[in-house]
Structures are given as structure tokens and as C-alpha cells.
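Written out below as C-alpha cells is the structure these notes cover.
The values are calculated or read from the model by the stated rules, or taken from the named source; none is laboratory data. As the structure is a computational prediction, the values presented were derived from the model and not from experiment. Don't worry about glycine lacking a Cβ; one is built from the backbone with ideal geometry, like all the others, and counts go over all protein chains shown. Only protein heavy atoms, including side chains, enter the accessible area calculation; ligands, DNA and RNA are left aside. Shrake-Rupley method; radii C 1.70, N 1.55, O 1.52, S 1.80 Å.
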Amino acid sequence: MFKVKVYVTLRESVLDPQGVAVKNSLHSLNFSEIEDVRIGKYMELTIEKSERPVEEVVKEACEKLLANTVIEDYRFEIEECVAL
Amino acid sequence: MRFAVIVFPGSNCDIDMFHAIKDELGEEVEYVWHDQDSLEGFDAILLPGGFSYGDYLRCGAIARFSNVMKEIIKAAEAGKPVLGVCNGFQILLEAGLLPGAMRRNESLKFICKPVELKIENNETMFSGSYRQDEVITVPIAHGEGNYYCDEETLARLEENNQIVFTYNGENPNGSISNIAGITNEKGNVLGMMPHPERAVDSLLGGADGLKLFQSIVRSWRESNVVKA
């Protein structure tokens, strides 16, 4: 069994209005050392078994649905674990 | 002329769209549920606003894989007019029928108010009844209408006159180049954030949106009605 952690964030070149608002709020709380905030999404996928390499499946899912690659980047981590 | 109003789970401007076509424009219109697999007999496809699938994941991302979308893509390829308003625009972007993507409004607020639009191109099948550079008033109602595309795409949109509507004066959402509505390269797919279907009767504050629907009918008649 595989647990996959997928992270989707706005591309560096795309302004993240939520991140800017949160950064400003942190600054008003005196967290002046926090220079930048980018907000994204975190998803967990569970794959019991797969005919195809897991990496290939996850990549395709990200490209097709989980991320909009016009404005978003994605990365993922695959963990193989023993089913309980 | 026969219009289809596509209804997704979470669409909420479908009834306004239906009313605009039936009662104000005076043409035939039918609702089409998202799981249908035929759009035969329809001359134009309308994707209304709302929150399809609760805006889960991204606005329009899940609706884009509805059964009926295959038929909408076919209709677009066949050159039929396809109009997406608000969430409909977001769905067309996710489906890749229009270039670019939508971001949260710069202010992070949901904005619901009438805005001024400038007609940047009155030579499309959606804008032929307006004057070039005419300024009209149409309401917006969205939290994610901040249109984005890369510079290369923007240059192409400008070069092919694909930008049909821009916000006049104040830009309400941070949209690149004040873009409010664009077509595909062929000019038969239009996506726009403002709601023309909510501006079809002076009783409701203005009728500037009606000409958009009249333009579609006019363009359709020019190419489909045999002259006696």
C-alpha cells in the first residue's frame, strides 16, 4: 500500500493574495523575521495497489486534475507502507 | 434558435439564464443536466454561473470532467457559440477551451456590484450588436475572477482581438490587462466574469446585457437562415 502526500502551490511568478494577507498579519504580530508566505493545498492519496508505477499514476492525476499547471506547481512524496 | 443551459450540481444562475433567453430574448431554451451525453439539436450552449461542485479543489475543476463536457467540446469544435458566464468561464478555462486561469480576487473579497465594461471588439458573434468602444453596465458577482495568463498568451489574445470586454475605470478583481471576457482563437467560445443574463430588463437595473444574446441570434441568422 502507498500513501502519497501531494503539495500544490501557486507558481512563484503568480501573486498569492492570501499569502500576502497572512504575511501582513504576521508582521503586525511582530513576526518581522518571516519574509514571505505562500499558501497552498495538501492532499493525501491512498493507493492499495497499481498496475502502473505509482509515480506515473500520481503525476498524471496531478497534471489532469489536482493542480492547474497554468498557475500552480505540484510536488509529491510517495511512502510505501504495510496495510494493517 | 435553440439554446441549451447546462446545469451542474451547484449552478445557481441557470434560472436567470433561462429567463433571459425565453422571456427577454424570445428564443427557445432548455435545461440540460450535466450527465447528459447529447447536445443534438441545440444551436448555442450556455454555461451559467454558480458554484459547481461547491468550488471544491478549484472553481470549475470538477465540472470540467462532467459527461456533458465532451459534447460541449465537440460543439465548440464545430463552431457553435459557447458562452460561459462566471463559473461557466472558470469551467471553460479548466477545460482548456479558453487560455489562462482564474485566481482569487486581489482583495480576497467576494464582489457583487454593477461594473462598467468597455467593448474592445464588436466583431465577434457575441458582441456584434454593440458599438466598438461602447461602455455598458453589467453586474459582477464573484470571489475568483482575477484572470491570469502568461505574457506570451496575453500578447496572442491582443494580437487576435480575443479580448472582448475589459473593466472600464476601476479594475474590481486584479485581472490582468483589465480583462473581463475573452474568446478562443476561432471566436465562437466566450468566457466572461460579468453576468449579462442579470442585465436584460430595465426593471432589474439595466438591460445592457441583452444585446449580447441578440448578437448571438443575429450572427446565427446570418449564417443559418436561408434568404427567401
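Hand me the list of strands (runs of 3 or more DSSP E) wholly inside the range B:1-76 holding 2 or more residues that are surrounded by fewer than 22 Cβ atoms within 10 Å (Cβ to Cβ).
B:28-33
Sort through B:177, B:223, B:219 and tell me the only one that's in contact with a helix residue (DSSP H, G or I) (Cβ under 9 Å, 6 or more places away or on another chain) and either open to solvent by 10 Å² or more (accessible area, probe 1.4 Å) or part of a loop (DSSP other than H, G, I, E, B) (or both).
B:177
Consider only pairs whose beta carbons are under 7 Å apart and that are at least six residues apart or on different chains; among these, list those whose first residue lies in the range B:82-111 and is away from chain A (no Cβ under 11 Å) and whose second residue is of a type in the set (Gly, Ala, Ser) and part of a helix (DSSP H, G or I).
Listed pairs, sorted by first residue: B:82/B:75; B:82/B:76; B:87/B:52; B:91/B:52; B:91/B:63; B:97/B:76.
On the given criteria, is residue B:107 open to solvent by 20 Å² or more (accessible area, probe 1.4 Å) and modelled with pLDDT under 95?
yes
I'd like the full set of residues that are open to solvent by 30 Å² or more (accessible area, probe 1.4 Å) and outside any loop (DSSP other than H, G, I, E, B), limited to the range B:149-174.
Once the filter is applied, which keeps residues that are open to solvent by 30 Å² or more (accessible area, probe 1.4 Å) and outside any loop (DSSP other than H, G, I, E, B), the range B:149-174 yields B:151, B:152, B:155, B:156, B:158, B:159.
Please state which one of A:74, A:42 is within 14 Å of another protein chain (Cβ to nearest Cβ), outside any loop (DSSP other than H, G, I, E, B), at pLDDT 95 or above and loosely packed, with under 13 Cβ neighbours inside 10 Å.
A:42
If I ask for residues that are assigned to a helix (DSSP H, G or I) and open to solvent by less than 70 Å² (accessible area, probe 1.4 Å), which ones from the range B:191-210 would you list?
B:196, B:197, B:210
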